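The values are calculated or read from the model by the stated rules, or taken from the named source; none is laboratory data. Predicted model only: the values in this text are computed from it and were never measured. Every residue, glycine among them, receives a Cβ derived from its backbone with ideal geometry; neighbour counts consider all protein chains shown. Surface areas here come from the heavy atoms of the whole protein model, side chains and all, with no ligands, DNA or RNA. Shrake-Rupley method; radii C 1.70, N 1.55, O 1.52, S 1.80 Å.
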Amino acid sequence: MNFDKVYDRHHSDSAKYGYGVKEDQIPLTVADTDFPTSDFIVKAMRNRLEHPLFGYVKDNEDWKKALTNFYQRRFGLKMNPQNVIFASGVLASVTAFIRAFTLEGDGIILCSPIYDCFSSCITHCNRKVVDVPLLFENGSFYFDFANLEKEFKKKENKGFILCSPHNPVGKCFDKEELTKLFRLAKEYDVLILSDEIHGLISSPGKKYLPSLCLEESKEVVIMASSISKAFNTAGLQAAFAYADNPILKDRMENQLGYDDCGEPNSFSLIALQEAYKNGDSYLDEFNEYVYQNRLLAVKELESLDFKVIKSDFTYLLWLDASSFNLEEETLNEKLKEAGVILVEGSKYGKTGKGYFRMNIALPRSLLIEALGRIKETLK
């Protein structure tokens, strides 16, 4: 795949390049890529276009079998195809989880800095956001288990939204951390929705650990994920949820149906099946390209006195900009004037203040141009 080819997205339907982004600006913001969707997915969708009817779409088992084979092949996770649930998106799954398993006024626990849309899902459902910030030690982020247990003990706190690999800090939580988390959840009867949408994106030789690989997860975790980040298919509304526990699976599936988020469109199942069946080579090439972008960006940014939080997952860099002694807004405005846009860390909660999130999934020539603009700004 030619990941170096530059596509002009300023006049497309791209959310990243819309909403006031100028033609001379490079937005390193929204978490989709500036790479084309893989050829075999596009070809399969073109074939579907030969049939000119686009009525309601029925679900099928083919994409579910492709998905379960993919997860066992790449990550060693055994899944039952009958327990795979179609969802129009991971956020739709988050909302369905909240509505299916908690009541209005209940608390939903997050660990900030965290993807801001989780908080929006919680408040829109009239639940309470309970923030237990991650701890930062020795250059990495960790769960604050002492305070997590305090919140898990409270009967009004019924749910926990996990993000692993984590957006925005990029960490994939390890077996020990996840085991401890799931044991606490089971002890205090707290259910977990695990957003693992960034799990397909990793440095060569690194593999993320699906939460459901752990025996301790079986009764307390619902997993949600998608091909959208790695294969750049977010606009197709193609995702899934999965639970080993059939009771959790049925309630989740029913809620997605009630919310009108459980029905595929004419292209979503095609994209899912093709990606999971034929996507290994594309994914390996993609991960290698992003890894080389990461090496380039980290080297340049650290030379400019950013502290880049170490990560082998996602295509998002989490940058500590505290050395510049500038307010986030001030620094970001200066960068915008130079033609580069980052996401201010405070968007992800109070604990994100002083940080920036940077998307590096773009052709290398554009990344080099963006880094050059950042360098000139910081002079």
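Residue farthest toward the positive end of the dipole of segment 159-263, with Cβ of Lys/Arg at +1 and Asp/Glu at -1: which of G205, L181, P168? Of G205, L181, P168, it is G205.
Have a look at the DSSP beta bridges in the chain and tell me what percent are antiparallel, nearest 5. If I count the DSSP bridges inside the chain, around 55 percent turn out antiparallel. Measuring only protein heavy atoms, the 1.4 Å probe finds C117 accessible over about 40 Å². As a fraction of the 1.4 Å probe accessible area of the chain, surface on carbon and sulfur atoms comes out at 49 percent. Over the C-alpha atoms of the chain, the Rg to Rh ratio, Rh being the Kirkwood estimate, stands at 0.95. Projecting the Cα atoms of V21, H11, F54 onto the charge dipole of segment 1-129, computed from C-beta unit charges around the Cα centre, puts F54 farthest toward the positive end. Past the 25 Å Cα-Cα mark, which pairs from K16/K277; K58/K186; K64/K207; K180/K353; K16/K78? From the list (K16/K277; K58/K186; K64/K207; K180/K353; K16/K78), the Cα-Cα distance tops 25 Å for K16/K277; K58/K186; K180/K353; K16/K78.
The mean accessible area for residues of the chain, using a 1.4 Å probe and ignoring ligands and nucleic acids, is 45 Å² per residue. Charge tally for K350 (other residues, Cβ to Cβ under 14 Å; Lys, Arg +1; Asp, Glu -1): -2.
With a ≥ b ≥ c the root eigenvalues of the C-alpha gyration tensor of segment 171-284, is it rounded (a/c under 1.5), prolate (a/b larger than b/c) or oblate? The shape class here is oblate.
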